[in-house]
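The values are calculated or read from the model by the stated rules, or taken from the named source; none is laboratory data. From a predicted model like this one, the values you see are computed outputs, not experimental measurements. FYI the Cβ positions are ideal-geometry reconstructions off the backbone, even for glycines, and counts take in every protein chain you see.
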Amino acid sequence: MVKRILVWTGVLVIAGALPAFAQARVEITGFTGWTFSDGVSGDATIGADGNIYDRIDPKDSGNFGFGVGVLVNDNAEVGFLYNRQLSTLLVSGTSEREIGDLAVSSYHGYFGYNWGDADATVRPFFFGGLGATNFGSVTGTILGQTRTINSETQFSTTWGAGVKIFPSPHVGLRVGAHWTPTYIKTDAGGWWCDPWWGCYLVGNSQYSNQYNLNAGVTFRF
């Protein structure tokens, strides 16, 4: 349900923006690439196989997605970006074990800036966005027992840069990279004391990071 709300929110934002920017250009991009992922650490746990596990990560794997951007002037851009990574959930410690297939999907509205003239053949760009990342459910069999880990959706941001190359006015190539840190949890980091506020417990936030390298085709209208 959360995923559907995020997707439709992005679609409605873009649809609502189009009448206001009737003279603006619209860019639609489909892309694919590779994601380098990391997860989070936790308390050491002795598994049923006798090994000690203290970390959980998505496995590095391929990704695909699409983006819709509206250029509100020659350089500024607002849009929606969807990315999906087809991965595997790993647990590690004294040993490493694959639990099951894991889909990681991200949904972000973004603001971007494009350098150069509107009709330039080569346009470097940068963007930053807010949204959410969904870690899909995982089903795995360990020592003869099949169990399912429920899906989880968390707040995330995304930050990226790259270059657009337009050999023709309406079709181009987009190559870029973006980083998506997703908040997962906060661990107690210890006590901090000062003479004004006294002593209080501080935490260490942990994020799951996806580092995406992508290339795709952009259609400009």
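Against the definition (among the hydrophobic types (A, V, I, L, M, F, W, C), crowded, with 19+ Cβ neighbours inside 10 Å and farther than 16 Å from Asn209 by Cβ), how does Val104 come out, yes or no?
Here the answer is no, as Val104 does not meet what is asked.
So, in region 89-115, how many residues would count as being in a loop (DSSP other than H, G, I, E, B) and either under 23 Å from the mean Cα position of the chain (by Cα) or at pLDDT below 95 (or both)?
Within region 89-115, residues that are in a loop (DSSP other than H, G, I, E, B) and either under 23 Å from the mean Cα position of the chain (by Cα) or at pLDDT below 95 (or both) number 2.
Does region 23-71 hold any residues that are more than 19 Å from the chain's Cα centre (by Cα), surrounded by 16 or more Cβ atoms within 10 Å (Cβ to Cβ) and in a loop (DSSP other than H, G, I, E, B), and which are they?
Ala24, the sole residue that qualifies.
Is at least one residue of region 74-92 free of Cβ contacts under 8 Å to residues at least 60 places away in the same chain, aromatic (Phe, Trp, Tyr) and touching a strand residue (DSSP E or B) at 6+ places or on another chain (Cβ under 6 Å)?
Within region 74-92 (the criterion being free of Cβ contacts under 8 Å to residues at least 60 places away in the same chain, aromatic (Phe, Trp, Tyr) and touching a strand residue (DSSP E or B) at 6+ places or on another chain (Cβ under 6 Å)), the answer is no, since none of the residues qualifies.
Of the residues in region 146-167, how many are without any contact (Cβ under 8 Å) to a residue 24 or more places away in the chain and touching a strand residue (DSSP E or B) at 6+ places or on another chain (Cβ under 7 Å)?
5
Within region 134-165, work out how many residues are part of a strand (DSSP E or B), of a type in the set (A, V, I, L, M, F, W, C) and over 13 Å from the mean Cα position of the chain (by Cα).
So the count comes out to 6.
Restricting to region 108-165, and then to whatever is buried (at least 19 other Cβ atoms within 10 Å of the Cβ) and basic (Lys, Arg), can you tell me which residue is farthest from Asp74 (Cα to Cα)?
So, considering only residues that are buried (at least 19 other Cβ atoms within 10 Å of the Cβ) and basic (Lys, Arg), the one farthest from Asp74 (Cα to Cα) is Lys164.
Can you spot a residue in region 8-16 that is aromatic (Phe, Trp, Tyr), assigned to a strand (DSSP E or B) and either at pLDDT 95 or above or out of contact with any helix residue (DSSP H, G or I) (no Cβ under 7 Å at 6 or more places or on another chain) (or both)?
no
State all residues of region 75-85 that are of a type outside the set (Lys, Arg) and buried (at least 16 other Cβ atoms within 10 Å of the Cβ); if no residue qualifies, say none.
Glu77, Val78, Gly79, Phe80, Leu81, Tyr82, Asn83, Gln85
With respect to Ala118, is the statement that it is of a type in the set (A, V, I, L, M, F, W, C), closer than 15 Å to Gln210 by Cα and touching a residue at least 12 places away in the same chain (Cβ under 8 Å) true?
no
State whether one or more residues within region 36-56 are out of contact with any Lys or Arg (no Cβ under 8 Å at 6 or more places or on another chain), under 24 Å from Ser156 (Cα atoms) and at pLDDT 95 or above.
yes
One line per residue, one yes/no per condition, for (1) at pLDDT 95 or above; (2) more than 22 Å from Gly109 (Cβ to Cβ):
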position: Gly140; (1), (2): no, yes
position: Gln145; (1), (2): no, yes
position: Thr153; (1), (2): yes, no
position: Lys164; (1), (2): yes, no
position: Gly172; (1), (2): yes, yes
position: Thr186; (1), (2): no, yes
position: Gly203; (1), (2): no, yes
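Take the residues of region 166-188 that are among the hydrophobic types (A, V, I, L, M, F, W, C) and closer than 18 Å to Leu213 by Cβ: which is nearest to the chain's Cα centre (by Cα)?
If we take residues in region 166-188 being among the hydrophobic types (A, V, I, L, M, F, W, C) and closer than 18 Å to Leu213 by Cβ, then Trp179 is nearest to the chain's Cα centre (by Cα).
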